[in-house]
Amino acid sequence: QVQLVESGGGLVQAGGSLRLSCVGSGILFSFRAMAWYRQAPGKQRELVAAITTGGSTNYADSVKGRFTISRDNAKRTLYLQMNSLKPEDTAVYYCNTDVGGILRWGQGTQVTVSS
């Protein structure tokens, strides 16, 4: 059974930092490209950052230079280090991977940035 479990969200002031984690089970984690998405109230879910099995990364323009995606295959964990947070980063953050053509999502973790 595929399971992705996010943690690390919370309330932070603008300019602060948070680190999100996503632990994967039921998958060969090291063989999976992984990604972080977010969804703000009333908005569509959007890609924040992605990382390949080889460690190549890409980021949404809105987070470039502030967020860093990384992975620890031994711990089956995906990370998102978020620095210089802005109120517009407020959203539920989800990790994601494609397993056999089916997108798998975690339950999400809430990030709230106060101004």
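The values are calculated or read from the model by the stated rules, or taken from the named source; none is laboratory data. Remember, it's a predicted structure, so these values are computed and weren't measured experimentally. Glycine gets a Cβ as well: all are built from the backbone with ideal geometry, and neighbour counts include every protein chain shown. Quick note on the areas: whole protein, heavy atoms, side chains included, nothing else; ligands and nucleic acids left out. Shrake-Rupley method; radii C 1.70, N 1.55, O 1.52, S 1.80 Å.
A few notes on this one:
- With the cut-off at under 15 Å, measuring from each backbone N in the range 48-70 to a point 7 Å along the Cα-to-Cβ line of GLN39 picks out 48.
- Solvent exposure of the chain amounts to 53 Å² per residue of accessible area, where only protein heavy atoms count and the probe is 1.4 Å.
- Neighbour net charge for VAL12 - beta-carbon separation under 12 angstrom, K R +1, D E -1: +1
- Taking the chain and dividing mean pair separation by its residue count, relative contact order in percent (alpha carbons under 8 Å, at least six apart): 36 percent
- Heavy atoms of GLU6 accessible to a 1.4 Å probe, total area in Å² rounded to 10: 10 Å²
- Sequence-distant aspartates and glutamates (8 or more away, or on other chains) whose Cα lies within less than 13 Å of LYS64: ASP89
- In the range 7-46, trypsin sites (Lys or Arg not before Pro) in a DSSP loop with at most 16 other beta-carbon atoms within 10 Å: LYS43, ARG45
- The range 64-82 and the range 1-34 have their alpha-carbon centroids 8 Å apart.
- Share of carbon and sulfur in the accessible heavy-atom surface of the chain [1.4 Å probe, %]: 48 percent
- Stretchable slack from SER62 to GLN110, in nm (0.36 nm times residue separation minus alpha-carbon distance): 15.4 nm
- Charge tally in the Cβ shell below 15 Å around SER84, where Lys, Arg are +1 and Asp, Glu are -1, SER84 excluded: +1
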